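Bear in mind these aren't lab numbers, they're just calculated from the coordinates by the rules spelled out. Everything numeric in this text was worked out from a predicted model, so none of it was measured. Reconstructed Cβ throughout: ideal geometry from the backbone, glycine too, with neighbour counts over all protein chains shown.
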Amino acid sequence: MGTQINAAALPPTLTYRVVWLDDVVTTDFVEGRLEIAVDRSGIVTGLRCG
């Protein structure tokens, strides 16, 4: 956390979604997906499974 999302090194096989502050997202749970929360500046502020 604390890294710019554009500078994050994510494996190409990783399933993930980036959720920006105030984004509207579905509440579906996808096993194996990483959810990356970012603030308005693009700084990673949280990581969650699903």
(request) Round to the nearest 0.05 the FRET efficiency obtained for Leu10 and Arg40 when R0 = 30 Å and r is the Cβ-Cβ distance. (result) 0.90
(message) Once you place label points 7 Å from the Cα toward the Cβ at Met1 and Arg17, how far apart are they in nm?
(response) 2.1
(message) Need the full-extension length gain, Thr27 to Arg48, defined as separation in residues times 0.36 nm minus the C-alpha distance. One decimal, nm.
(response) 6.3 nm
(message) Kirkwood hydrodynamic radius, the chain, all distinct C-alpha pairs: what's the number in Å?
(response) 11.3
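If we count every other residue with Cβ under 12 angstrom of Arg40's Cβ, Lys/Arg +1 and Asp/Glu -1, where does the sum land?
In short, -3.
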(request) For the chain, give the share of DSSP beta bridges that are antiparallel, in percent and rounded to the nearest 5; count only bridges with both residues there. (result) 50
